[in-house]
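Inspection log for the structure reproduced underneath, given as structure tokens.
Rule-based calculations on the coordinates, nothing more; no lab input. Since we're looking at a predicted model, the values are computed, not measured. Every residue, glycine among them, receives a Cβ derived from its backbone with ideal geometry; neighbour counts consider all protein chains shown.
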Amino acid sequence: MRLANRTRNLTSFKVVDFLEAAQALEAEGRDIIHMEIGEPRYPTADPIVMAARQALTDGRTGYTPSCGIPKLRQAIADHYQRCHGLDIDPRRVIVTTGSSAALGMVCELLLNPGDGLLLADPGYPCNPNFVRRLDAEPQLVPVNAADNYQLTGELVAQYWQANTVAAMVATPSNPTGTVIGREQLGELHRAVSDQGGALIVDEIYHGLTYADAPATTILSLTDDTLVINSFSKYFGMTGWRLGWMVVPESVVDTLTVMAQNFYIASPSIAQYAALAAFQSETLAILDTRRQEFRQRRDYLVPALQALGFVIGRPPEGAFYVYADVSALSDDCEAFCWWLLREHGIACTPGTDFGHHLARQHVRFAYTESLPRLQLALERLTKALT
């Protein structure tokens, strides 16, 4: 069978490689502490599960409108009003089969073969592959702690090329957990607009931030961006495969046609279940979990630092710690395999997230319970001392 040339440039998703290896060890009877996969290790909140059961009882199992059931699009718009004081037309809300479908669709919306998309390095591993599958060019911009591990207006101006048509950022970010503030978001938007390009903002980890005020959404500054969000992280619905976009009115019709053709509609049961995600009872559960994530972060960061890991920027959101291991190892992949096979700790090598200083870093997810994280640190201490 002859394969398309673009498939040769796709990179593996190393976190999945480590997850599958960890699961194989668990099948042999090993106890593995999962700090590799970005999945909250909570069950989906009961009100959401109950809503799904009711939807099944009511026979809500057919196709829905391609951009989502109207009640869910309105509920998402209401969420922006409640959290950010924004009046979002629900027509601009496009419900998708997970944020992965949204990420793929915005790339397909903007990129022709040969076009370039600016991305922070380190960043989410799948984003460059969404670009490559269109025969376009992921243009990785090296960022570090001094840049808050984020693109800035200055970096956009410096790295924008003749074929660049857009830039994508994530706030909070994966793998670093850093957040882009309001002023920096404005600078980014101006820098991209000055180049005649489009700005894509991944807000998948909104809700999972640890300051008193919620993270700033780019929608509070402009309507002229493509915003991606998800029910997987804050709402704890990873396996339900449901996300959304908020997009400019000018591209709604085009994205509607794309959704019709690419996946027809998002899963019906997941959509009806997600209506319960915005109930006050559910939000109280989710905020309690957010506080628990903050407690885990506050435990894990200094504990790792005490063992010799260097953390350039403590995470402000999400549930990851991006740690420099150069004082402990010169090969992050070998280090992660050693921790998994010899000590029962699964984490992700920095080489999953790009190229810039990647072999010096690993990512720890603090999605396990605090007692499990404490056990992980006991194992790490034994391994490293």
Computed Rg/Rh for the stretch 231-361 (Cα atoms; Rh = Kirkwood radius) stands at 1.09
Using alpha carbon positions and the Kirkwood radius, the Rg to Rh ratio of the stretch 1-135 is 1.03
With the convex hull built on the alpha-carbon atoms of the stretch 84-181, volume per residue in Å³ sits at 123
Note to self, the chain gives a 222 nm [θ] from helices alone (DSSP H runs n ≥ 4, -39500 (n - 2.57) apiece, / all residues, nearest 500) of -12500 deg cm²/dmol
In nanometres, the difference between 0.36 nm per residue of separation and the alpha-carbon distance of Ala213 and Lys71 is 48.4 nm
Between Thr7 and Leu56, the two model label points (7 Å from Cα along the beta-carbon direction) sit apart by a distance in nm of 3.6
For the pair Asp287 and Thr256, the simple spin-label estimate (label points 7 Å beyond Cα toward Cβ) gives in nm 3.6
In Å³ per residue, the alpha-carbon convex hull of the stretch 168-301 encloses 137
Distance in nm between Glu249 and Asp194 label points, each 7 Å along Cα→Cβ, equals 2.9
Of all C-alpha pairs within the stretch 64-118, those more than 12 angstrom apart amount in percent to 70
On the formula 1/(1 + (r/R0)^6), with r taken between the Cβ atoms of Ala162 and Asp46 and R0 of 56 Å, the FRET efficiency rounded to 0.05 is 0.55
Here P(r) for the stretch 132-238, Cα-Cα distances in 10 Å bins, as whole percents, is 13, 46, 33, 7, 0
Note: probe point = Cα of Asp31 + 7 Å toward Cβ; backbone nitrogen < 16 Å; residues of the stretch 280-294 passing the test are none
Taking only the Cα positions of the chain, the convex hull volume per residue in Å³ is 154
Dividing the surface of the Cα convex hull of the stretch 272-327 by four yields a projected area in nm² of 4.8
Straight-line reach check, Lys382, cutoff 18 Å on alpha carbons, 8 or more apart in-chain or any other chain, hits among aspartates and glutamates -> Asp31, Glu342
At the level of C-alpha centres, the distance separating the stretch 48-104 and the stretch 197-270, in angstrom, is 10
